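Data first, discussion second: the structure below is written as structure tokens.
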Amino acid sequence: MDFKKNSGIIISVIMLVQVALSQPGSVKPLMGWASWNQFGVNINETLLKNQADAMATSGLSAAGFKYLNIDDGFFDGRNTDGTLKINSTKFPNGMKYLADYFHSKGLKAGFYSEAGANTCGFKYSGQPGGVGGGLYNHDQQDADLFFYTWGFDFLKVDYCGAQDLKLDEETRYTAIRKAIDNTGRAVNYNVCRWQFPGTWVTKVADSWRMSTDINFTPGSTPKWANITSIIDLNTYLAAFCSQGHYNDMDMLEVGRGLTAEEDRSHFSMWCILSAPLVLGFDMTKMSASTKEIVTNSEVIAVNQDTTGLQAHLITDNGSTLQVWAKNLNGKQSMERAVVMFNRSDATASITVKWSDLGLDGAAIVRNLWTKTDLGSFASEYTASIPSHGVVMLKVVGTKAKLKEVFEAE
């Protein structure tokens, strides 16, 4: 073999293998926590270390919540050579120290940036250090710093500065993806454009925001109407969801001021719609009720199902009494996850029919919130559900029913 003649080919093959190996291996939606909804730009090293400690020891990490994502609030402009500066008062030991600390707890470390020049923290939250802090004109320099030097595992990229500069979304986010891949690191990449960006994003990002912020004022009490409006926006985006690529419905508001019934419904819908599960409450102050909701292994399993499907709206009865469903454990399986969702202001009965789930004959039903087997039912199941509440089921049939009515009809 002529080594000199073939060395270029060998090197190219090695590089292709390295890039392939660097891609995120999980086909499941991300599970973690992010600082924004609770703390906004008011973050610092000690606060984030305390959150990491809580995630690692409270049962959240054991339940699958592994990514601890730092959002905006750390920028301090750039050095003369273009390298990003971090606010040394808030983060005296720097970002590599913090990423290493998260890793020492068995967690993944998440970072934040901007597709344009100036960050959202500068534009909306009075953070002068965000001027020029974005990735624009620094894609590879920043990617090398974030992932090769500091060792972060996730990147959320916002769009405030890019919008001001009227940059092309596909061009910018694709260039950032390339810069990430060039580092050789397995990085989970989130596009935060505040609306469904377009079909191009499904080949570029691991997840993408398809809505505006779930909470426009960090630290404030969540609004139920914001949660239902995001669900409505995601109703017809199931076709763009696949293994490893998910519609991001923004951070969860569970544990931040909604009723327990609403928290349970909120978590159920994010799970069945295969959205990333990113907590937003102060993990050092997690209540027993909140913990019971967000660590329910059977409900989480619906979200983490590797089939990579997003639920479809089966019926809405005028948009207030809804049935949502998706296949579990394979597209041709007889298993279904079902959420019966009462969006009305009064207790109501909702029925799910097996024929609407593509099943024929009797099916076995299990309630995922109470973790109880309900038995076998011939053709349907009915439940009385409180206002803003849900019943979440696993339905297992024995025979498939061919679809008889199609959308055009």
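The values are calculated or read from the model by the stated rules, or taken from the named source; none is laboratory data. Note that this is a predicted model, so its numbers are computed, not measured. Neighbour counts are summed over all protein chains in view; Cβ atoms, including those assigned to glycine, are modelled from backbone coordinates with ideal geometry. Each accessible area value is taken on the protein alone, full model and side chains, heavy atoms only, with ligands, DNA and RNA left out. Shrake-Rupley method; radii C 1.70, N 1.55, O 1.52, S 1.80 Å.
General observations
- For residue 171 and residue 387, the difference between the fully extended length at 0.36 nm per residue and the C-alpha to C-alpha distance is 73.3 nm.
- Within the accessible surface of the chain, defined with a 1.4 Å probe on protein heavy atoms only, the carbon and sulfur portion equals 53 percent.
- Nearest-20 debye value, region 256-408 charge dipole, Cβ charges on Lys, Arg, Asp, Glu: 280 debye
- Charge dipole of region 157-273 about the Cα centre (unit charges at C-beta), most positive-ward option of 229, 188, 175: 175
- Largest GNM mean-square fluctuation across 378, 56, 115, computed for the chain with C-alpha springs under 10 Å, falls on 378.
- Distance cut-off 16 Å, percentage of C-alpha pairs in region 244-301 lying past it: 37 percent
- What the chain shows is 43 Å² of accessible area per residue, with the surface traced by a 1.4 Å probe over protein heavy atoms.
- Acute angle (nearest 10 degrees) that the helix 260-272 long axis makes with the longest principal axis of the chain, alpha-carbon atoms: 80 degrees
- Selected from 72, 153, 213 as most flexible by GNM, with the chain as the system and alpha-carbon contacts under 10 Å: 213
- Amide H contacts under 5 Å for residue 246: 207, 208, restricted to partners 5 or more places along the chain or on a different chain, H placed in the peptide plane at 1.01 Å from N.
- Acute angle (nearest 10 degrees) that the helix 45-57 long axis makes with the longest principal axis of the chain, alpha-carbon atoms: 40 degrees
- Coil-residue chymotrypsin sites (Phe, Trp or Tyr not before Pro) of region 305-409, DSSP, other Cβ within 10 Å capped at 13: 406
- Compared with the dominant Cα axis of the chain, that is its longest principal axis, helix 224-234 is turned about 90°.
- Net dipole in debye of the chain [+1 Lys, Arg Cβ; -1 Asp, Glu Cβ; about Cα centre; nearest 20]: 740 debye
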